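*Asks:* Okay, handing you the structure first.
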Amino acid sequence: MNNIVVQKFGGTSVRNLECMKQVLNKVRKPLADGNKVIVVLSAMAGETNRLLALAKEWSHTPDAAELDSLVSTGEQISVALFAMMAKDEGLRARSLLGFQIPIISNDSYGKARIESIDSAKITGMLADYDVLVLAGFQGVDPGDRITTLGRGGSDTSAVAVAAALKAQVCEIYTDVPGVFTTDPNICADAKKLDRVSYDEMLEMASMGAKVLQIRSVEFAKKYNVAVHVRSTFSDEPGTIVTQEDANMEAVQVSGVAYDKDQAQVTLVGVLDEPGVCASIFTPIAESKILVDMIVQNPSKDGRTDITFTVPRADVDHTLKILEALKKDIGYLALLSDRGVSKVSVIGVGMRNHSGVAAQAFRALRDENINILMISTSEIKLSCLIEDKYTELAVRTLHQTFVGSEQQ
Ligand code: ADP
Ligand code: ASP
Ligand code: MG
């Protein structure tokens, strides 16, 4: 612990000059208390999407390394603009890009993982500067090429830097006042959580609550970083993401999440023999495609159906891999469906409360929502459903578990 505070601001918080002025006000507070501030910025809202669309116009299969070189520029714009504004206001500030620190990552372009951060370089610079404005989302690989950390990756940049510097706190400023029981933009009854455990936040993020990138929560848990999620546009206290405590267990379900970035792939009539699953999932894993739910039907006449889910962007790649395997594993048909989504209920209290699954199934039945697949963990239940019912399912599950319980 030292006098360093890390503050991260997302795309909507830096979208224009007015918003950046609000950011400056937030930075002034810890400075006035005698702290040094590391400000981590995202690209202005919409900029990363704009750059990705641009790449698609220029190339049918954009080179992954060049794509990272391109999309990382969004953050470069934000930090340069903010640093010049802060200097105008008399602050000792400068911008820093990922490669200038450096933040070393592996070479998985588009979803690179941070391997190390030169914290000595940063602390050395704090002798001359009070505010260092770091570009989020960016890394550099051992071959000196620029990488990016996956969508929402600035959260991870911020938490990783906070861990490396042993900062007092990592404040994640965004467009909502904290972590809610579900997405406040689709459910008016969503309630702000004062505290949420690392494990619950990890499940919520993994199940689609994009308020924090999954990797950022993994870092926070591993290095015990105090994360405070709060709004750029108000002063109210937000949500502290922290170690689990006894009070958290008292609540059965602490949140409902949804993920529309899902697609279902089915292999019909696969030969039911030892090694078939290994043959299917090994090449998919080697292509770094994340398979989530998997269901295998009971065998009939020596054949079975295997259904699983992958992120929508990876469906075509997955189908290509499976088509190439057809000779070896001898399936009868290959089907895919992009019109599915996943809804999940999450809570450490689920460990001690039985009946959560049955209650969730009844709630979905009452809205006539069909369940396509189910998966569970100790603190989570997920159902795959038709995409068009996502909002309805989130509201009904929220009403069932949170609306009635925590009011
Ligand atoms: P930023 O650009 O600041 O990184 P994001 O768009 O990545 O912001 O994340 C904030 C958004 O996350 C909110 O606007 C909200 O719609 C969404 N969200 C989804 N689930 C939740 C949740 N449980 N609590 C708060 N926000 C959530
Ligand atoms: N600009 C990147 C994105 O839009 C990273 C971030 O905002 O965290 O995904
Ligand atoms: Mg984000």
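*Asks:* Can you find a residue that is touching a Leu at 6+ places or on another chain (Cβ under 9 Å), among the charged types (D, E, K, R) and open to solvent by 80 Å² or more (accessible area, probe 1.4 Å) anywhere in the stretch 28-50?
*Replies:* There is at least one residue in the stretch 28-50 that is touching a Leu at 6+ places or on another chain (Cβ under 9 Å), among the charged types (D, E, K, R) and open to solvent by 80 Å² or more (accessible area, probe 1.4 Å).
*Asks:* Any idea which of (1) modelled with pLDDT under 95; (2) surrounded by 15 or more Cβ atoms within 10 Å (Cβ to Cβ) is the one ASP118 doesn't satisfy?
*Replies:* Result: ASP118 passes all but (2).
*Asks:* Taking the criterion of being under 19 Å from the mean Cα position of the chain (by Cα) and more than 16 Å from ligand 3 (Cβ to nearest atom), would at least one residue in the stretch 17-31 satisfy it?
*Replies:* Looking through the stretch 17-31, none of the residues is under 19 Å from the mean Cα position of the chain (by Cα) and more than 16 Å from ligand 3 (Cβ to nearest atom).
*Asks:* Scan the stretch 53-65 and tell me whether some residue there is of a type in the set (Lys, Arg) and surrounded by fewer than 16 Cβ atoms within 10 Å (Cβ to Cβ).
*Replies:* Within the stretch 53-65 (the criterion being of a type in the set (Lys, Arg) and surrounded by fewer than 16 Cβ atoms within 10 Å (Cβ to Cβ)), the answer is yes, since at least one residue qualifies.
*Asks:* Sticking with this structure for a sec: On the given criteria, is LEU132 away from ligand 2 (no atom under 16 Å from the Cβ), over 20 Å from the mean Cα position of the chain (by Cα), crowded, with 22+ Cβ neighbours inside 10 Å and not small (Gly, Ala, Ser)?
*Replies:* Yes: the conditions hold for LEU132.
*Asks:* Only one of (1) more than 12 Å from ligand 2 (Cβ to nearest atom); (2) aliphatic (A, V, I, L, M); (3) touching a Cys at 6+ places or on another chain (Cβ under 9 Å) fails for ILE114. Which number is that?
*Replies:* (3)
*Asks:* Quick check on my filter: what residues within the stretch 255-290 are over 28 Å from GLY110 (Cα atoms), without any contact (Cβ under 8 Å) to a residue 40 or more places away in the chain and touching a helix residue (DSSP H, G or I) at 6+ places or on another chain (Cβ under 6 Å)?
*Replies:* Hits for the stretch 255-290: nothing passes.
*Asks:* Condition first: open to solvent by 50 Å² or more (accessible area, probe 1.4 Å) and modelled with pLDDT of 95 or more. Can you find one or more residues in the stretch 4-14 that meet it?
*Replies:* No, every residue in the stretch 4-14 fails to be open to solvent by 50 Å² or more (accessible area, probe 1.4 Å) and modelled with pLDDT of 95 or more.
*Asks:* Hey, among the residues in the stretch 164-206 that are open to solvent by less than 40 Å² (accessible area, probe 1.4 Å), assigned to a loop (DSSP other than H, G, I, E, B) and small (Gly, Ala, Ser), which one's farthest from ligand 3 (Cβ to nearest atom)?
*Replies:* ALA167
*Asks:* Continuing with this model, one more query. Residue under question is ALA188, and the condition is that it be under 27 Å from ASP235 (Cβ atoms), within 13 Å of ligand 1 (Cβ to nearest atom), aliphatic (A, V, I, L, M) and free of Cβ contacts under 8 Å to residues at least 40 places away in the same chain; does it hold?
*Replies:* Yes; evaluated as a whole, the condition is true for this residue.
*Asks:* Related question: Looking only at helices (runs of 4 or more DSSP H) that fall completely inside the stretch 207-290, which ones have 3 or more residues that are closer than 21 Å to SER336 by Cα and at pLDDT 95 or above?
*Replies:* 276-286
*Asks:* Could you tell me which of the residues ASP301, ASP292, ASP235, ASP261 is open to solvent by 50 Å² or more (accessible area, probe 1.4 Å), within 16 Å of ligand 2 (Cβ to nearest atom) and of a type outside the set (A, V, I, L, M)?
*Replies:* When all the criteria are applied, what remains is ASP261.
*Asks:* Next question. Can you run down the residue pairs with Cβ atoms below 6 Å, 6 or more apart or on separate chains, where the first is in the stretch 361-373 and closer than 18 Å to GLN399 by Cα and the partner is in a helix (DSSP H, G or I) and aromatic (Phe, Trp, Tyr)?
*Replies:* ILE369/TYR389
*Asks:* Which residues, counting only those in the stretch 66-106, are over 21 Å from THR123 (Cα atoms), within 26 Å of the chain's Cα centre (by Cα), away from ligand 2 (no atom under 16 Å from the Cβ) and open to solvent by 40 Å² or more (accessible area, probe 1.4 Å)?
*Replies:* GLU66
*Asks:* Residues of the stretch 141-163 being away from ligand 3 (no atom under 16 Å from the Cβ), in contact with a helix residue (DSSP H, G or I) (Cβ under 8 Å, 6 or more places away or on another chain) and open to solvent by 10 Å² or more (accessible area, probe 1.4 Å), which ones?
*Replies:* Selection gives ASP144, ARG145, ILE146, ALA163.
The values are calculated or read from the model by the stated rules, or taken from the named source; none is laboratory data. All values derive from a computational prediction rather than experimental measurement. Methodologically, a virtual Cβ is constructed for each residue, glycine included, from the backbone with ideal geometry; neighbour enumeration extends over all protein chains shown. Only protein heavy atoms, including side chains, enter the accessible area calculation; ligands, DNA and RNA are left aside. Shrake-Rupley method; radii C 1.70, N 1.55, O 1.52, S 1.80 Å.
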